[in-house]
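Encoded as C-alpha cells, the structure appears first; notes follow it.
The numbers here are math on the coordinates, done by the rules we state, and not lab data. What you see is a predicted model; the values in this text were computed from it and never measured. All Cβ positions, glycine included, derive from the backbone under ideal geometry; neighbour counts span all protein chains shown.
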Amino acid sequence: MKLPCAIYRGGTSKPIFFLADDLPKDANKRDQIVLEAFGTPDVRQIDGLGGADPLTSKVAYIGAPTVPDTDINYTFGYVGIANPVIDYAGNCGNTSAAVGPFALLRGLIKPVEPVTKVRIYNTNTKKVILAEFQVRDGEFVSEGDFRIDGVPGSGSKILLDFIGSGGAVTGKLLPTGKVREEVKFPTLGTLEVSMVDAANPFVFVRAKDLGLRGNENMDEFGNNEAALKKCEEIRSVVAEIMGIAKREEATAKSPGVPKIAVVAGPASYETPKGKVEASQVDVVARMTALQKLHKAYAVTGAVCLGTAAKIDGTIVNEIYRKVQPDNPPAVRIGHPTGRLQVEIEIGKQNGALELTKAALARTARLLMDGNVYVHHSCTTPPGKL
C-alpha cells in the first residue's frame, strides 16, 4: 500500500507530512499505518522513514480548516521509536515552520508574492500560529541567507507568531497558579521547580539542583544516563500534577508532553560549530525529547522558556533578570548546538497574565515528495480510507 507524503526539514527537525484526507479517519487505523511508515517499534526504525532520533521521528497531518478565520488545520505527533505510540498532547514549533510550505505544495492555500501569510490552526493545542514565508512563481522559496543554529547552511526566513499560546495544553499559563513551588519526587527528594504552559507545557529546574552545570555539551548531557533518568522522573511527576498522565504511565502514554528543561545562568560552552560565549546568551538550557537530549532546542520550548523569563518569580526569571534587568523583548537561549532568540510580550487581561506575542524565525526545506510504502492489511486506495 502506498501513501503520498513529503519530508521536510523544518527548523532543526525532520518531520513527515501527510494530507489528513490520505489517511484513515479512524484514529487507531491511522496511527497503525503511520507507525509502520516510520518503522516503529524499532530502535533503528530500519524498516521505515524514521531516523531513530526524536528530532526525525515526527509526523504532521494537514487538512482543510475547520475553525473560522484560519486557513488550514495542522495536527502534530511525536512518533515513538522503540515504543509503538504517537503522542498528540502538544505541538512542535520547528515542524510548524514547514506547515505553510507543505500546504502550498498540496494546493491547500493560494500563493501570494513575495510573502504568503497563513493562519494555521493547531488541533493539538487549539491555538493559531501565524506563519509568513517567501514565495516566487507560485512556489515556496527555501533559499536565502538566514541561518539558524543546529542546521547546516542557510535558507529563507520563516516568521512564526504563536498567537495567544498561553495555556496551550493545560488551559492555564501557570498550570498550578504558582510561579514556583517545591515538589517531592520519589528518589530525588524535594526540588523547587517552575511550571509554565506556553506553546507547550514545561517544567523548569535549576541545573545545580541536579548536580549539573547547565552548559554541558551534547555528549556530556546526552550520554549522562543518570541525568536523563532524573529528568524523566521529574517530568513524569509533573505530568500527573498537570493532569496530563499518571506518573507511572507518563513515559509510555505521554512521552513528549509535558517537557522538561534544565536551566542555568549564562556560561560559555563548545558546540559542534564553535564556541558560544556567555555574553551572547541570557540563559543556558538543556531539554529532553522522548527521554533523550534534544540536540538543539524546541521552538515551542523557546516560547515557553522565554515566557517563563518574563514572569516575575519563576526560576527562569530569576536567572534572566540578573542578566537583563531592563527586560528587553528578546530572550537569548543557549542550547547544545548554538543559540535561539525569541521575542516575548506579556500583558494582563482581567487581572490575569496573558501571552500577547511569541515570535521567532526558522527556515525549512522540502527534502522529498513522493510515496511511502507500508505492508498494512488495509488496501483501500488513498483518499478513500
Which length gain, in nm to one decimal place, applies between Glu182 and Gln291 when the Cα-Cα distance is subtracted from 0.36 nm times their residue separation? 36.9 nm
Excluding residues fewer than 8 positions from Lys275 in its own chain, the aspartates and glutamates with Cα under 13 Å of it are Asp149, Glu216
Need one number: % antiparallel among DSSP beta bridges in the chain, to the nearest 5. 85
In debye to the nearest 20, the charge dipole size for segment 33-102, taken about the Cα centre with +1 at each Lys and Arg Cβ and -1 at each Asp and Glu Cβ, equals 80
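Find how much the distance from Asp21 to Lys253 grows on full extension, using 0.36 nm per residue of separation minus their present alpha carbon separation; answer in nm with one decimal.
80.9 nm
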So if each residue of separation counts as 0.36 nm, and I subtract the Cα-Cα distance between Lys208 and Ser154, what length gain in nm does that give? 15.9 nm
Kindly rank 104-117, 205-218, 333-346 from highest to lowest mean number of other beta carbons found within 10 Å of each residue. 333-346, 205-218, 104-117
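By counting other Cβ atoms within 10 Å of each Cβ, how are Ser279, Ser254, Ser96 ranked from fewest to most?
The fewest-first ordering by Cβ neighbours comes to Ser279, Ser254, Ser96.
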Would you work out the Kirkwood radius for segment 284-381? I mean one over the mean of 1/r across all pairs of different Cα atoms, in Å. 16.2
So what's the angle, to the nearest 10 degrees on a 0 to 90 scale, between helix 27-38 and the longest Cα principal axis of the chain? 90
So if R0 is 25 Å, what FRET efficiency would Asn217 and Gln349 give, r being the distance between their Cβ atoms, rounded to the nearest 0.05? 0.05
Placing each pseudo-label 7 Å from Cα in the direction of the beta carbon, Lys275 and Glu192 end up separated by a distance in nanometres of 3.2
Place a point 7 Å from the Cα of Ile46 in the direction of its beta carbon; the residues of segment 77-92 whose amide N falls under 17 Å from it are 81-83
What is the antiparallel percent of DSSP beta bridges lying wholly in segment 181-342, to the nearest 5? 80
Sort Thr75, Thr187 so the one with the fewest other Cβ atoms within 10 Å of its own Cβ comes first. Thr187, Thr75
Once you place label points 7 Å from the Cα toward the Cβ at Val141 and Asn371, how far apart are they in nm? 3.5
I'd like the orientation of helix 299-310 relative to the chain: the angle between its Cα long axis and the longest Cα principal axis, in ° from 0 to 90, rounded to 10. 30
Reachable lysines from Lys310, criterion Cα separation under 22 angstrom, eight or more residues apart if same chain: Lys127, Lys172, Lys178, Lys208, Lys259, Lys322, Lys348, Lys357
How many angstrom lie between the C-alpha centres of segment 253-327 and segment 1-15? 27
Burial order of peptide ranges 318-326, 191-199 (average beta-carbon count within 10 Å, highest first): 191-199, 318-326
